[in-house]
Amino acid sequence: MSLVAPLNNPSIEIQEMNERVFNFSAGPAVLPLPVLEMAQAELLSFSSAGASVLEISHRSSHFQEILQTAKQQLARLLGIDDQYRILFMQGGSRLQFSMVPMNLLQGSSRSAGYVLTGSWGRKARDEAEREGKVHVLWDGQSTRYDRLPRDDQLEFNDDSAYVHITSNETIEGVQFGSEPDTGEIPLVCDASSDFLSRPLTINKYGLLYACAQKNAGPAGVTLVVIREDILQENQSSFSLPGYLNYREHINNDSLYNTPPTFGIYLVGLIANWILEEIGGLEKMAALNQEKAQLLYDVIDQSEGFFHGHATCESRSSMNVTFRLADSEVEKRFLEQAEGNGLCSLKGHRSVGGIRASIYNAMPREGVVSLRDFMWDFAQQNG
Ligand code: PMP
């Protein structure tokens, strides 16, 4: 069945729902089916607008409603109070790698502490170094980023402008179990690949950012949660270009320029799905833990056939990374998985092997299918 229909053909063929595969992509990633269905139902005309969300002005009352509702739902989910602002931005998390040090470090005599638990944390550090003084608090490179620091390995310098962590390293599959306690130093977190997957102790954070395309929405919108007072420290940020200054986004309530309107609409639908259909972040986290455990159990019980990349204590509930005996077997694994409707399981080139990204919207049935496939494959090839 062709997905491409002539534009003037009113009977556009829509792919049957049962043709959807289990999509283990690391991002852009699977979205909740009820959210896609809602977006589909509302696509041609949103509410009483008589036009698509894609077509209405970001200044219109309909879009205002979408924006304010999305913010309220996120605030409810995360338990955010008035000290924090929620911003919808563009430029992905990569832009945040630069905006964070531009706003909090540039021109300051202080330095920023970076905890390097994987590839993304390193990239964040590299960008920060362009803007100011950086010190690395811990670096897991010597064990190929297979673990997190123990609490006693992290020593914070009270005079730091901020401390930066990556709560979940998407490529290596290691995830902080809880936020490190940085005391008075603002904690800045790249939460790109586990945002909305579990509850947060929000008051531990000065700033949190996440590109949406894993758990929270489509590519093109990035969420920033910021405690407003951390901006007061650094006066030199007043001279930043408009878009790069958090203050502009706060003062304009995410409408400094035309925001990614459709993306924000989808983020709102997803927040609503977690609240109303899942029952909140505690429940979301329990479901995610249970899914991840299904796969880690296979790895642990396979007598070395599958070899997990992350150490047990550091395992991610979002990205399950593992190797097989050699690249030939891995290739066969991927081909056969694909044949069984289990798609996008190839690991990132820097770690190799397999990566199953099992974000919020990956149904339990998808993970059960993968688990059963892994057992069958091990039996046939072991
Ligand atoms: N940080 C993490 C943890 C990520 O997983 C990613 C994307 N995979 C990024 C940053 C970069 O995000 P973007 O491509 O939206 O800039």
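The values are calculated or read from the model by the stated rules, or taken from the named source; none is laboratory data. Not measured: the values here are computed from a predicted model. So basically every Cβ, Gly included, is an ideal-geometry build from the backbone, and we count neighbours across all protein chains shown. To get the accessible areas, we keep the full protein, side chains included, count just its heavy atoms, and leave off ligands, DNA and RNA. Shrake-Rupley method; radii C 1.70, N 1.55, O 1.52, S 1.80 Å.
Multiplying the residue separation of residue 157 and residue 307 by 0.36 nm and removing their Cα-Cα distance gives an extension gain of 50.3 nm. The accessible surface of the chain, taken with every protein chain in place and a 1.4 Å probe, is 47 percent carbon and sulfur. For region 214-221, 3J(HN,Hα) computed residue by residue from phi via the Karplus equation (6.51, -1.76, 1.60; θ = phi - 60°) reads 10, 10, 10, x, x, 5, x, 10 Hz, glycine and proline entered as x.
Could you compute how fast the chain diffuses translationally, taking Rh as the Kirkwood radius over C-alpha pairs and applying Stokes-Einstein at 4 °C with viscosity 1.567 mPa s? Give it in µm² per second.
Here the translational diffusion coefficient equals 59 µm²/s.
Which of the GluC sites (Glu not before Pro) found in region 282-382 are in a DSSP loop and have at most 13 neighbouring Cβ atoms, other than their own, within 10 Å? Kindly include the intermediate steps, with their values, before the conclusion.
Numbers: sites: 282, 290, 303, 313, 328, 330, 335, 338, 365; in loops: 303.
Those that pass, being in a loop and sparsely packed, are 303.
Looking at the chain as a GNM with Cα springs under 10 Å, which of 56, 270, 354 has the largest mean-square fluctuation? The residue with the greatest mean-square fluctuation here is 56.
Per residue, the accessible area of region 281-377 comes to 45 Å², computed with a 1.4 Å probe over protein heavy atoms only.
Both numbers refer to the Cα atoms of region 61-277; Rg and Dmax are 16.5, 54 Å.
Using a simple spin-label model with pseudo-atoms 7 Å out from Cα toward Cβ, residue 297 and residue 43 lie 3.8 nm apart. Treating each Cα of region 281-377 as one equal point scatterer and applying the Debye formula with no solvent, the log10 of I(q)/I(0) at q = 0.10, 0.18, 0.25 Å⁻¹ comes out as -0.23, -0.79, -1.56. Taking a ≥ b ≥ c as the square roots of the eigenvalues of the alpha carbon gyration tensor, region 240-327 is prolate, as a/c is not under 1.5 and a/b beats b/c.
Tell me the Kirkwood radius of region 116-215: reciprocal of the mean inverse pair distance over distinct alpha-carbon atoms, in Å. It would help to have the intermediate numbers written out before the result.
Working: mean 1/r = 0.0719 Å⁻¹.
Taking the inverse mean of 1/r over all distinct Cα pairs, region 116-215 comes out at 13.9 Å.
Comparing 337, 124, 292 in a Gaussian network model of the chain, where Cα atoms under 10 Å apart are tied by springs, the biggest mean-square fluctuation is seen for 337.
Rounded to the nearest Hz, the phi-derived 3J(HN,Hα) couplings of region 114-127 under the Karplus curve 6.51 cos²θ - 1.76 cosθ + 1.60 (θ = phi - 60°) are 10, 9, 9, 10, x, 4, 6, x, 5, 5, 4, 4, 4, 5, where x marks glycine and proline.
Each residue of region 357-374 was assigned a 3J(HN,Hα) from its phi angle through the Karplus curve 6.51 cos²θ - 1.76 cosθ + 1.60 (θ = phi - 60°); the sequence is 8, 10, 5, 2, 7, 6, x, 4, 4, x, 6, 4, 4, 5, 4, 5, 4, 4 Hz, with glycine and proline shown as x. In this label model, residue 381 and residue 253 are separated by 5.4 nm, measuring between points 7 Å along each Cα→Cβ vector.
Give me the extension gain from residue 369 to residue 328: residue separation times 0.36 nm, minus the current Cα-Cα distance, reported in nm with one decimal.
Values: separation 41, 0.36 × 41 = 14.76 nm, distance 2.24 nm.
In short, 12.5 nm is gained.
Here is how the number arises for the chain: DSSP H runs of 4 or more residues each give -39500 (n - 2.57), the sum is divided by the residue count, and the result at 222 nm is -10500 deg cm²/dmol. If you stretched the chain out fully between residue 203 and residue 283, how much longer would it get, using 0.36 nm times the residue separation minus the C-alpha to C-alpha distance? Value of the extension gain: 26.7 nm.
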